[in-house]
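Just so you know, all these numbers are worked out from the coordinates, no wet-lab data involved. These figures come from a predicted structure and were not determined experimentally. A quick note on method: Cβ atoms are made from the backbone with ideal geometry, for glycine too, and the neighbour counts reach across all protein chains shown.
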Amino acid sequence: MKICIFGGSFDPVHNGHLHLIQQIGVGLTIDKFIVVPANISPLKLDLDMADNHHRVNMLKLALKDYYPYCVVDEYELDMGGYSYTIGTIEKLKLKYGKDNEYYFLIGSDNIRIIKMWKEYKKLLKLAKFIVVPRDNFRIDQVEEDIMDEIQIVFIEEIDVSSTKIRNAIKKNKSISKFVPASVEKYINKNNLYK
């Protein structure tokens, strides 16, 4: 079975995340996505996130129609503290079966700083990293030894980000074109990001 781990803050989950799942899933014939909301990323300490239960609830709403193809795994939230990708992948492989073929989905902004990640060399051997280019990414920005360990997948970019959504909410602008209707309703009901 091909399993793709997709981690992130998902603060909030948006149509760009869903687009990635759809495109990568079809393009690489992925059998299951494990979506992992991060607790505290060591490289994003300044981020003021919505409460964990809100982020999980929004993810479950957004992925409701994708179940059981997509599951939300709360491993990092349950562990608490800093979220290190290497620990997460090791634990998820134990939980979902070591014999599966594992992928890890990231944006090209992360591959540029992969050497800052804990035990990055070992990490790149644990799962095949799928890198989705964005923000004027160029292949020559990635060092050769890293290029050998990753798979770059070009898909159509959607102009949306969690930051853009949070900023729109603060300015009382509509976010209906950025998130599923169920997520927009949840944000409004719980008065998030005001």
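So the values come out like this:
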| item | result |
| --- | --- |
| Qualifying residues in region 129-148 (those that are free of Cβ contacts under 8 Å to residues at least 60 places away in the same chain and crowded, with 17+ Cβ neighbours inside 10 Å) - the one farthest from Gly87 (Cα to Cα) | Phe137 |
| Flag if Lys185 is surrounded by fewer than 18 Cβ atoms within 10 Å (Cβ to Cβ), touching a residue at least 24 places away in the same chain (Cβ under 8 Å), closer than 25 Å to Phe33 by Cβ and of a type in the set (Lys, Arg) | no |
| Where His19 falls short, out of the listed (1) under 15 Å from Val132 (Cβ atoms); (2) crowded, with 17+ Cβ neighbours inside 10 Å | (2) |
| Residues being without any contact (Cβ under 8 Å) to a residue 40 or more places away in the chain and over 20 Å from Glu90 (Cβ atoms) - total across region 112-121 | 1 |
| Scan of region 149-182 for residues that are farther than 17 Å from Lys60 by Cα, aliphatic (A, V, I, L, M) and in contact (Cβ under 8 Å) with a residue 60 or more places away in the chain, ordered by number | Val153, Ile155, Ile158, Val160, Ile165 |
| Matching residues in region 90-103 - criterion: being surrounded by 13 or more Cβ atoms within 10 Å (Cβ to Cβ), assigned to a helix (DSSP H, G or I) and of a type outside the set (Ser, Thr, Tyr) | Glu90, Lys91, Leu92, Lys93 |
| Meets criteria (in a strand (DSSP E or B), aromatic (Phe, Trp, Tyr), touching a strand residue (DSSP E or B) at 6+ places or on another chain (Cβ under 6 Å) and closer than 30 Å to Lys185 by Cα) for Phe33 | yes |
| Test result for Ile106, part of a helix (DSSP H, G or I), at negative phi, surrounded by fewer than 20 Cβ atoms within 10 Å (Cβ to Cβ) and β-branched (Val, Ile, Thr) | no |
| Residues within region 73-89 that are in a loop (DSSP other than H, G, I, E, B), surrounded by fewer than 19 Cβ atoms within 10 Å (Cβ to Cβ) and in contact (Cβ under 8 Å) with a residue 40 or more places away in the chain, tallied | 3 |
| Among residues of region 109-132, those that are part of a helix (DSSP H, G or I) and either closer than 18 Å to Ala38 by Cβ or under 18 Å from the mean Cα position of the chain (by Cα) (or both), counted | 9 |
| Flag if Arg166 is out of contact with any Lys or Arg (no Cβ under 6 Å at 6 or more places or on another chain), more than 18 Å from Gly7 (Cα to Cα) and either of a type in the set (Phe, Trp, Tyr) or surrounded by 15 or more Cβ atoms within 10 Å (Cβ to Cβ) (or both) | yes |
| Single match in Leu92, Leu28, Leu124 (criterion: touching an Asp or Glu at 6+ places or on another chain (Cβ under 9 Å), of a type outside the set (Phe, Trp, Tyr) and touching a residue at least 60 places away in the same chain (Cβ under 8 Å)) | Leu92 |
